[in-house]
Amino acid sequence: MRRYTFAGFLLLLFCESFSQDSIPLLKGKINLSIREGTIECDLVLSNIPRIEDYFIRINSGMNIRYFKNVDPAFPLYYDRSFHDTTSTGETSAYYFPRNGGRDKYLPPAIHFRYAGKYPVFYDSLKDFSGDDWKGNISFNGYSLRTDGRQSAWYPVLYDVKKDIKFDKVKYDIEINCPDCSSLYVNGSVPVAGSKGIFKSDTPYEIAMFCGHYKISNQEGVYFLNPDITDKQIKEFGQITSEYKKYYAEKLSIPYNESVTYIQTTPTSESQAWLFVSWPTIVNIGRAEYGMKSFFDAKKGNWFKPFIAHELGHYYFGTYRRFNSELGDMINEGLSEYLSFKVTRKMISDSIYNKKIHEKIAAVQKFEAIPFGKIRSHADYQNRELYVYYYAPILFSAIEKEIGEPTMWRWLKALLETKTVFTNYSFLEETLRSVLGDNNKFESIRAKYFYSNNAIENAAAIIGDK
């Protein structure tokens with residue numbers, strides 16, 4: 001591991017005046033090659049909030065040239081943690097030790113130089129990897145696809161004590177990709193060309209999609225690399241607008257962003273999935289799993305609930321980030337619950353009934369730990385079943401118990417009540433506050449938050465229809 005030393009008196013020069021509530025600013029240059037699978041980053045992260053216990057996550061495939069203090073400029077001694085248990089494996093966790101390694105410090109601005117080379121898997125049935133996933137820095141032969149939060153291709157600051165990830169940053173970056181014809185950075189307008197300067201005073205998770213693809217715009221909704229017709233693009237834009245309007249009216253919180261849809265292919269043989277890095281929604285899949293499958297008459301409206309779920313992440317995951325042991329469940333469980341609402345109201349009551357009862361059937365033998373007894377993410381046991389099936393079923397049952405208007409008030413309280421940790425106590429107290437009925441609250445608490453028979457209780461109240 002490369003290490004740097006510097007005179008001890010320079011530690012006195014670090015500024016202690018930056019705010020805990022600061023939003024980091026990322027500036028610099030990125031050089032890419034989609035043919036070679038390379039990323040070279042020369043970046044400065046500034047306006048760094050004051051944090052005592054932290055890590056700086058950077059993708060594990062990146063080779064560090066140096067970390068430097070900006071003012072005054074000198075190399076920084078750095079170390080890595082192998083106990084960053086919240087990391088998903090894609091990243092390495094760096095920090096700057098002082099006082100013999102007993103403490104950590106953060107300069108107000110850091111200069112990062114690093115580069116990575118990744119395998120390029122061409123869009124062919126004979127050239128594919130064993131796996132692809134959201135946090136992968138994925139080169140598929142005609143494009144680079146990367147999210148920001150999970151892949152951490154840029155430095156992502158993490159506050160350990162408060163469980164806060166600073167992946168949403170303001171940015172002013174220049175991208176140079178000689179073998180690209182289209183460039184996109186999350187939160188900015190896509191650019192046709194091999195060079196582009198992207199700026200945003202609004203913080204975003206910096207997902208990127210760069211390569212050779214078509215750019216289409218329908219009523220302010222961008223479609224990158226679409227495999228659908230202009231007529232279908234128009235219909236897709238209208239669906240998006242309708243769902244956004246419904247959520248905004250029910251929650252009294254407007255959408256402030258235009259959505260960008262990306263269609264691309266995985267580097268693996270047969271995987272397909274959707275993910276969101278708001279305001280970007282990415283569909284990964286080839287052939288029958290491409291965006292064109294959304295309009296397959298034989299499949300009906302199967303894709304619309306998925307779009308409703310991803311649009312729900314504007315509120316649960318973007319407008320507000322949820323942390324602590326239940327944060328993941330709240331983000332995904334309530335986005336899926338919102339998808340239920342759209343499905344029943346705007347798509348098809350029969351599709352809603354089929355969907356919710358399929359989920360109930362899928363968790364009949366799942367011995368889920370109740371919300372009130374969860375102590376860590378490991379307690380989910382099976383994350384997919386817990387956050388996408390168990391949780392939205394319970395939220396649907398709670399709505400039946402308290403009524404739809406009160407349920408919308410609870411969701412709004414979850415989105416707007418100030419707190420550091422969005423843990424179980426937060427979940428409980430926000431519900432108690434909107435109910436104003438302690439007996440009703442205690443009944444719900446017993447049936448759904450602490451009962452080992454919560455699914456049976458939910459199924460009974462949801463009913464057969």
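The values are calculated or read from the model by the stated rules, or taken from the named source; none is laboratory data. Please read these numbers as outputs of a predicted model, since none were measured by experiment. Cβ atoms come from the backbone with ideal geometry, glycine included; neighbour counts cover every protein chain shown. Surface accessibility is based on the protein's heavy atoms, side chains included, excluding ligands, DNA and RNA. Shrake-Rupley method; radii C 1.70, N 1.55, O 1.52, S 1.80 Å.
Counting the residues of segment 248-259 that are touching a residue at least 24 places away in the same chain (Cβ under 8 Å), closer than 17 Å to GLY187 by Cβ and open to solvent by 10 Å² or more (accessible area, probe 1.4 Å) gives 3.
Inside segment 297-324, residues that are open to solvent by 60 Å² or more (accessible area, probe 1.4 Å) and either of a type in the set (Gly, Ala, Ser) or in contact with a strand residue (DSSP E or B) (Cβ under 9 Å, 6 or more places away or on another chain) (or both) make up a count of 3.
Residues to consider are SER143, SER129; find the one that is polar (S, T, N, Q) and either modelled with pLDDT of 95 or more or at positive phi (or both). First the steps, then the outcome.
On the way: SER129 fails: either modelled with pLDDT of 95 or more or at positive phi (or both).
Of the residues listed, the single one that is polar (S, T, N, Q) and either modelled with pLDDT of 95 or more or at positive phi (or both) is SER143.
Applying the condition of being in a helix (DSSP H, G or I) and among the small types (Gly, Ala, Ser) to segment 400-437 and asking which residue is least open to solvent (accessible area, probe 1.4 Å) yields ALA413. In segment 3-54, of all residues being of a type in the set (Val, Ile, Thr) and at pLDDT 95 or above, the one that is farthest from TYR158 (Cα to Cα) corresponds to ILE34. Looking at segment 340-357 only, could you name the residues that are free of Cβ contacts under 8 Å to residues at least 40 places away in the same chain and in contact with a Phe, Trp or Tyr (Cβ under 9 Å, 6 or more places away or on another chain)? Within segment 340-357, THR343, ARG344, TYR352 meet the criteria.
Screening ASN63, ASN99 for residues that are out of contact with any Cys (no Cβ under 8 Å at 6 or more places or on another chain), of a type in the set (S, T, N, Q), open to solvent by 60 Å² or more (accessible area, probe 1.4 Å) and without any contact (Cβ under 8 Å) to a residue 24 or more places away in the chain leaves exactly one candidate, ASN99. Somewhere in segment 191-200, is a residue in a loop (DSSP other than H, G, I, E, B), open to solvent by 30 Å² or more (accessible area, probe 1.4 Å) and at negative phi? Taking every residue of segment 191-200 in turn, at least one turns out to be in a loop (DSSP other than H, G, I, E, B), open to solvent by 30 Å² or more (accessible area, probe 1.4 Å) and at negative phi. Might you check whether a residue that is under 25 Å from the mean Cα position of the chain (by Cα), open to solvent by 10 Å² or more (accessible area, probe 1.4 Å), under 22 Å from TYR314 (Cβ atoms) and in contact (Cβ under 8 Å) with a residue 40 or more places away in the chain occurs anywhere in segment 363-381? No - not one qualifying residue is present in segment 363-381. Do the conditions hold for ALA397, that is, is it open to solvent by less than 10 Å² (accessible area, probe 1.4 Å), in a helix (DSSP H, G or I) and at pLDDT 95 or above? When the stated conditions are applied, ALA397 passes them. When each of ILE34, ILE48, ILE58, ILE39 is tested for being touching a residue at least 12 places away in the same chain (Cβ under 8 Å) and over 23 Å from the mean Cα position of the chain (by Cα), the lone residue that passes is ILE34.
Taken together, ASN283, ASN301 contain a single residue that is assigned to a loop (DSSP other than H, G, I, E, B) and touching a helix residue (DSSP H, G or I) at 6+ places or on another chain (Cβ under 7 Å), which is ASN301.
Restricting attention to segment 147-180, the residues being touching a residue at least 40 places away in the same chain (Cβ under 8 Å), part of a loop (DSSP other than H, G, I, E, B) and either under 19 Å from PHE67 (Cα atoms) or not aliphatic (A, V, I, L, M) (or both) number 16. Among the residues making up segment 186-214, those that are under 20 Å from GLU36 (Cα atoms) and free of Cβ contacts under 8 Å to residues at least 60 places away in the same chain are GLY193, SER194, LYS195, GLY196. When segment 439-452 is filtered for residues that are more than 28 Å from the chain's Cα centre (by Cα) and either modelled with pLDDT under 95 or open to solvent by less than 10 Å² (accessible area, probe 1.4 Å) (or both), the ones remaining, listed by number, are PHE441, ILE444. Just one of the listed residues (HIS357, HIS313) is under 19 Å from GLY187 (Cβ atoms) and at pLDDT 90 or above, namely HIS313.
Please specify each residue of segment 333-348 satisfying the condition of being farther than 15 Å from TYR314 by Cα and either modelled with pLDDT of 90 or more or under 24 Å from the mean Cα position of the chain (by Cα) (or both). I'd like the intermediate steps shown before the answer.
In the first step, residues of segment 333-348 are kept if they are farther than 15 Å from TYR314 by Cα; the result is 340-341, 343-348.
Listed by number, the residues that qualify are PHE340, LYS341, THR343, ARG344, LYS345, MET346, ILE347.
Of the residues in segment 76-87, at least one is touching a residue at least 60 places away in the same chain (Cβ under 8 Å), assigned to a strand (DSSP E or B), open to solvent by less than 50 Å² (accessible area, probe 1.4 Å) and more than 21 Å from ILE39 (Cα to Cα). If I filter segment 123-130 for residues that are more than 30 Å from THR265 (Cβ to Cβ) and crowded, with 18+ Cβ neighbours inside 10 Å, do I get at least one hit? No, segment 123-130 contains no residue that is more than 30 Å from THR265 (Cβ to Cβ) and crowded, with 18+ Cβ neighbours inside 10 Å.
Out of all the residues in segment 249-259, is one or more in a strand (DSSP E or B) and on the phi < 0 side of the Ramachandran plot? No: zero hits.
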